[in-house]
1. Taking amide H positions as placed 1.01 Å from N in the peptide plane, with prolines and chain starts having none, which residues 5 or more places from residue 205, or on another chain, fall under 5 Å of its amide H?
2. Mind checking which lysines have their C-alpha under 27 Å from residue 37, skipping anything on the same chain fewer than 8 residues away?
3. Round to a whole angstrom and tell me the spacing of the C-alpha centers of region 245-262 and region 78-140.
4. If each DSSP helix of 4+ residues adds -39,500 (n - 2.57) and the sum is divided by the residues in the chain, what number results at 222 nm, nearest 500 deg cm²/dmol?
5. Which whole-number percent is the relative contact order of the chain (Cα, under 8 Å, 6+ apart)?
6. Near residue 76, which lysines are there with a Cα under 16 Å away, not counting those fewer than 8 places off in the same chain?
7. Pulled fully out, how much extra length does the chain show between residue 225 and residue 49, if you take 0.36 nm times their separation in residues and subtract their Cα-Cα distance?
8. Report ³J(HN,Hα) in whole Hz for each residue of region 237-252, in order, from the Karplus equation J = 6.51 cos²θ - 1.76 cosθ + 1.60 where θ = phi - 60°; Gly and Pro get x.
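The values are calculated or read from the model by the stated rules, or taken from the named source; none is laboratory data. Just so it is clear, the structure is predicted and the values come from calculations on it, not from any experiment. Cβ atoms come from the backbone with ideal geometry, glycine included; neighbour counts cover every protein chain shown. We work out accessible area using only protein heavy atoms, side chains counted, and drop any ligands, DNA or RNA first. Shrake-Rupley method; radii C 1.70, N 1.55, O 1.52, S 1.80 Å.
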Amino acid sequence: MYADAGVCWEGSDINGQKYNDTYPFMHVNFRFSPNAKNAISAYFQFASNSPGINQKASDILQDNEYMYVTGNPLLKNSRHITLNLAYTWMPSNSVGLSAFNNFMEYIDRQIMVYEPYNNGQAVIRNYCNSGNFAKEEVGLAVNWKLLGGKLQLYASPKLVFYKSTGIYSRTYNPFFMTLQTSYYLNSFYFQAYYESPDKQMFSTAPQIYKDRNFHSLTIGWANSNWNVRVMAANFFNKGWDNADTATETPLYTEYKEAIGTNSHPRINMAVTYTFGYGKRFSAATK
């Protein structure tokens, strides 16, 4: 077990607006293994989340003809709690299972807000303290080795629970899955991989982020010096869309689409050669 605790003081003076905050912090890391087949671990943190200068500066900047941005010098720090629990069970060298639960909550968090500006002719983006933001993950990770370790199977399902209160009250519960199969045959190896789309709800903005799935087939060959690998990825995907971010508020809505090659079908090939240098020697013992 490892633990630390203390007291922290912060102070800011931005354009004549002063803010001071004194708060405690604590970290506890615990791991217990009653035998070689079982292990339990836990992590706890209590600390504070401090806004950056861009969130607290009171200067007003014009982003475009309709959008202005500013900060809130009276924006307060938000406390946050983190609690991670994990259990690992390895009945043999062929099977391993881990179950985990991760929880995090921001209390009186900082959140991005959109308000009317310039007599209703534009919108200004600002920050305020409003409500709590919680995120909890529940998942498993299973690894299974067959045929003397030549065939390896891996799966990790995970369910995430988001909850936001305050000015933007919302819940969001995405599901994730990672699958991988590997087979080793002499100097060759074959691998199939799938990862479901990543979906997130942000804590400091009313935004939902979604990217695309990633899947691949890999064939590789290696000996003492050469390593050759060919990977075909995303062969079921179409288009160049990588990820989408949606901002939805009563006054302002924005959709962003990221374009790139990360989710586009492609073939990667890598060839490496390792050569040694120097002088070999052996140590004799008496």
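1. Distant-sequence amide H within range of residue 205: 112.
2. Correct list for residue 37: 145, 150, 158.
3. With region 245-262 and region 78-140 each reduced to a Cα centre, they are spaced 20 Å.
4. The helix-only estimate for the chain comes to 0 deg cm²/dmol at 222 nm.
5. Answer for the chain is 10 percent.
6. Partners found: 18, 56.
7. Going from the current span to full extension adds 58.4 nm.
8. Those phi angles translate into 7, 10, x, 10, 6, 8, 7, 10, 10, 10, 10, 10, 9, x, 9, 9 Hz.
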